[in-house]
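Only one structure is covered here, and it is reproduced in the block below.
The values are calculated or read from the model by the stated rules, or taken from the named source; none is laboratory data. Since we're looking at a predicted model, the values are computed, not measured. Cβ coordinates were reconstructed from backbone atoms using ideal geometry, including for glycine residues, and neighbour counts include every protein chain displayed.
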Amino acid sequence: MTTAPPLPEGFLWGASTSPHQTEGGNVHSDWWFLENDPNSFVSERSGDATDSYNRYPEDMRLLADAGLTAYRFGIEWARIEPAPGEFMQVELDHYRRMIETAQGLGLTPVVTLHHFTSPAWFAQQGGWLHPDAVDLFARYVEQAATILHDVQWVCTINEPNIIAAMAALMRNMADNSQNTQTDTAVTSLSLPTPDSEIAEILTRAHKRAVGIVHANTPAKAGWTIAGQQLEPTPGNKEIFERTRWEWEDRFLEVARGDDFVGIQAYTSQTVDADGIVAHPAHPDNTLSGWAYRPDALEMALRHAWDITGGTPLLVTENGISTDDDDVRIRYTEAALAGLDNAVSDGLDVRGYLHWSALDNYEWGHWGPTFGLIAVDRTTFERHPKPSLGWLGQHARTGIAQVTS
Ligand code: BGC
C-alpha cells in the first residue's frame, strides 16, 4: 500500500452547513413562510432544525476533536435584518461568537452570506426582482462585514444557479396557479432552467458583495456554484453546450478573477434532445434519488478550472445522502481520489469541505441524511458517525488518497 503525497500546506479539511438547515426557528425568513403556508409545495418544515443556533459550540467541538481544520457555516440575513433597515446587533454578536468559537477550536471559519434564504420582507417585496434588490443586499453585507474583520474566507451567495432555477419554478407556478401540486426539493435537479434575469441580478449582487468584503476584511471572496456535471447523449452536443452554459458556465464565468470559486458536486446527469434527463430509478441511487457518482467532484473541479481560466478552487460541498455510513465513506474516498488526481495535474484546490456536518433539514425533507453527525430530532443529541473520524484522519495526515 502506498500513499499519495500530502496536499499543500494549509489545505482546509472541514465540513459545511447552512443557517436555515441547522439553526431552527428561522421565523423571519422567506422559507419559514413557505414551509408554513398550507398551499406551498414544501412537504416538511424546518421547525427547530438541529437547534444549532444554540448548540453550535458542540457541533464545532465535534468537528475539531475529529481533526478537521475548517467549518463552513452561514450567517442569516433574516435574523440580522428581520425588518427592512432594522439591523439586530445581538444577532451580529451571535455570529461573531460563532466565528470566535470556531477560531478558538482551531477551525478556520468559511462564512456564507446568503444560503438560499432571504428575509420574508425582501421576498414579499419581490425578492431579487425588487428594483433595489442589489442595494438592499449590499446594505446587509455592509453590516455583516463589521463582524468579519479577521475572517479569511467568505462565500457571497450559495448556488446562484439553483436560486435562479427556483425563481423560474416559482414564476411557472404563479403563471399556472399550480402551487399545490409539486413536491420538489430545492436541489432535486428537476428544476426548470435558471432564470436569466435573476442570474444577472445575482451577478451584480455578488460583485457588490465582493467589493464590500475586500474593502472591510482580509477575506478571500467568492461564490459557490452547483456543478451539474452534465454529459451529452449522442447527437445532442449543441443542446448540451447550451444547457451547460445556462445552468453552470455563465455563473463560473463570473468567477474569473475572483479569489476563489466554491465547487459543489454530488452527481451527474445526461442531456438529451429535450434537455436534462431525470435520474432513472436505480438501486444505487442516493436517498435524494441522485445517481451514485463520486467522480462528479473531479469532473466539477476540472470543468470549473477550465471555464474560470484558473480561479483557485475550494470544495465547499460534496457528499451523499445515505443511511449507510460505509457507503458515505466509500463515496467520499472515491471523490477524494478524484480531487487528488486534479491536484496532481496542477489544479489549485485550497480545501475540501464535506456536506454536511450534520443530518439537517434538506429543503422540504428530513429523509435525505448527508451528515457526518446524526442528530436525534427530539433530544437534539449528537451522534458522530464513523465517517466523521475517518474524514478527520485525512485531515490529520493531509493525505487525500490511499492507493494500493
Ligand atoms: C445546497 C445545500 C443542500 C445540498 C444537498 C446544495 O445544493 O447548497 O443546501 O442541502 O446541496 O442537497
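Determine the pairs where a residue that is farther than 16 Å from THR316 by Cα, located within the stretch 1-15, has a partner that is charged (D, E, K, R) and at pLDDT 90 or above with Cβ atoms under 6 Å apart, the partner being 6 or more residues away or on another chain.
ALA4/ASP340
Identify, from the list ALA165, ALA138, ALA174, ALA144, the residue that is part of a helix (DSSP H, G or I), in contact with a Lys or Arg (Cβ under 7 Å, 6 or more places away or on another chain) and not aromatic (Phe, Trp, Tyr).
Details: ALA165 fails: in contact with a Lys or Arg (Cβ under 7 Å, 6 or more places away or on another chain); ALA174 fails: in contact with a Lys or Arg (Cβ under 7 Å, 6 or more places away or on another chain); ALA144 fails: in contact with a Lys or Arg (Cβ under 7 Å, 6 or more places away or on another chain).
Only one candidate qualifies: ALA138.
Those residues that are over 18 Å from the mean Cα position of the chain (by Cα) and surrounded by 21 or more Cβ atoms within 10 Å (Cβ to Cβ), I need them from the stretch 244-268; list them, please.
Hit for the stretch 244-268 is ARG244, nothing else.
Just name the residue that is nearest to the ligand (Cβ to nearest atom) out of those in the stretch 276-293 that are of a type in the set (S, T, N, Q) and surrounded by 20 or more Cβ atoms within 10 Å (Cβ to Cβ).
We begin by selecting, within the stretch 276-293, every residue of a type in the set (S, T, N, Q); these are 285-286, 288.
With the extra rule that they be surrounded by 20 or more Cβ atoms within 10 Å (Cβ to Cβ), the set shrinks to 286, 288.
Values: THR286: 10, SER288: 6 Å.
So the residue we want is SER288.
Does THR50 satisfy the condition of being touching a residue at least 60 places away in the same chain (Cβ under 8 Å), outside any helix (DSSP H, G or I), under 25 Å from HIS149 (Cβ atoms) and within 16 Å of the ligand (Cβ to nearest atom)?
On the way: touching a residue at least 60 places away in the same chain (Cβ under 8 Å): yes; outside any helix (DSSP H, G or I): yes; under 25 Å from HIS149 (Cβ atoms): no; within 16 Å of the ligand (Cβ to nearest atom): yes.
So THR50 does not fit the description; no.
Condition check ((1) of a type outside the set (Lys, Arg); (2) in contact with a Gly (Cβ under 6 Å, 6 or more places away or on another chain)) across all residues:
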| position | (1), (2) |
| --- | --- |
| HIS28 | yes, no |
| GLU35 | yes, no |
| SER52 | yes, no |
| GLY67 | yes, yes |
| ILE75 | yes, no |
| ARG79 | no, no |
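Determine which member of the set SER18, SER43 is modelled with pLDDT under 95 and under 20 Å from MET166 (Cβ atoms).
Working: SER18 fails: modelled with pLDDT under 95.
Result: SER43 is the single residue among SER18, SER43 that is modelled with pLDDT under 95 and under 20 Å from MET166 (Cβ atoms).
Would you check if ALA296 is aliphatic (A, V, I, L, M), more than 16 Å from the ligand (Cβ to nearest atom) and farther than 21 Å from PHE73 by Cα? Give the steps one after another, and end with the answer.
Numbers: aliphatic (A, V, I, L, M): yes; more than 16 Å from the ligand (Cβ to nearest atom): no; farther than 21 Å from PHE73 by Cα: yes.
No, not satisfied.
Within the stretch 305-323, work out how many residues are over 30 Å from PRO283 (Cβ atoms) and crowded, with 24+ Cβ neighbours inside 10 Å. Please lay out each step first, then the result.
Here is the first cut: in the stretch 305-323, the ones over 30 Å from PRO283 (Cβ atoms) are 305-314.
Narrowing further to those that are crowded, with 24+ Cβ neighbours inside 10 Å: 313-314.
Qualifying residue count for the region: 2.
Enumerate the strands (runs of 3 or more DSSP E) found wholly within the stretch 335-397, keeping only those where 3 or more residues are within 24 Å of ILE307 (Cβ to Cβ).
Numbers: elements: 349-355, 373-375, 382-384.
By residue number, 349-355.
Of all residues in the stretch 14-40, count the ones that are away from the ligand (no atom under 16 Å from the Cβ) and part of a loop (DSSP other than H, G, I, E, B).
Filtering the stretch 14-40 for residues away from the ligand (no atom under 16 Å from the Cβ) gives 25, 27-28, 33, 36-40.
Filter once more, keeping what is part of a loop (DSSP other than H, G, I, E, B): 25, 27-28, 36-40.
Number satisfying all stated conditions: 8.
Quick test for you: out of GLY367, GLY351, GLY346, pick the one residue that is in contact (Cβ under 8 Å) with a residue 12 or more places away in the chain and surrounded by fewer than 22 Cβ atoms within 10 Å (Cβ to Cβ).
Among GLY367, GLY351, GLY346, only GLY367 is in contact (Cβ under 8 Å) with a residue 12 or more places away in the chain and surrounded by fewer than 22 Cβ atoms within 10 Å (Cβ to Cβ).
Quick one: which residue in THR332, THR322, THR308 is within 13 Å of the ligand (Cβ to nearest atom) and touching a Leu at 6+ places or on another chain (Cβ under 8 Å)? Break it down stepwise before answering.
Working: THR332 fails: within 13 Å of the ligand (Cβ to nearest atom); THR308 fails: within 13 Å of the ligand (Cβ to nearest atom).
Just one listed residue meets the conditions, THR322.
When you scan the stretch 69-77, do you find a residue that is in contact with a Phe, Trp or Tyr (Cβ under 7 Å, 6 or more places away or on another chain) and either within 16 Å of the ligand (Cβ to nearest atom) or of a type in the set (Lys, Arg) (or both), even just one? Walk me through how you get there before you give the answer.
First pass over the stretch 69-77, keeping only residues in contact with a Phe, Trp or Tyr (Cβ under 7 Å, 6 or more places away or on another chain): 69-70, 75, 77.
Next, from what is left, pick out any that are either within 16 Å of the ligand (Cβ to nearest atom) or of a type in the set (Lys, Arg) (or both): 75, 77.
So far as the stretch 69-77 goes, yes, one or more of its residues are in contact with a Phe, Trp or Tyr (Cβ under 7 Å, 6 or more places away or on another chain) and either within 16 Å of the ligand (Cβ to nearest atom) or of a type in the set (Lys, Arg) (or both).
Quick one: what pairs do we get from the stretch 152-174, first residue modelled with pLDDT under 95, second in a helix (DSSP H, G or I) and more than 16 Å from the ligand (Cβ to nearest atom), C-beta under 6 Å, 6+ apart or different chains?
Note: pairs meeting the criteria are ALA167/ILE198.
Are there any pairs with C-beta distances below 6 angstrom linking a residue in the stretch 136-151 that is under 16 Å from HIS94 (Cα atoms) and surrounded by fewer than 17 Cβ atoms within 10 Å (Cβ to Cβ) to a residue that is modelled with pLDDT of 95 or more and of a type in the set (Ser, Thr, Tyr), with the two at least 6 apart or on different chains, and if so which?
Listed pairs, sorted by first residue: HIS149/THR217.
I need every pair where a residue in the stretch 255-268 that is more than 10 Å from the ligand (Cβ to nearest atom) has its Cβ under 8 Å from the Cβ of a residue that is acidic (Asp, Glu) and outside any strand (DSSP E or B), sequence separation at least 6 or different chains.
Between residues of the stretch 255-268 that are more than 10 Å from the ligand (Cβ to nearest atom) and residues that are acidic (Asp, Glu) and outside any strand (DSSP E or B), the close pairs are SER268/ASP295.
Looking at the stretch 68-120, which of the residues that are β-branched (Val, Ile, Thr) and not in a loop (DSSP other than H, G, I, E, B) is farthest from the chain's Cα centre (by Cα)? Break it down stepwise before answering.
Step one: list which residues in the stretch 68-120 are β-branched (Val, Ile, Thr), which gives 69, 75, 80, 90, 99, 101, 108, 110-112, 117.
Now restrict to residues that are not in a loop (DSSP other than H, G, I, E, B): 80, 90, 99, 101, 108, 110-112.
Working: ILE80: 20, VAL90: 26, ILE99: 18, THR101: 21, THR108: 17, VAL110: 11, VAL111: 11, THR112: 9 Å.
It comes out as VAL90.
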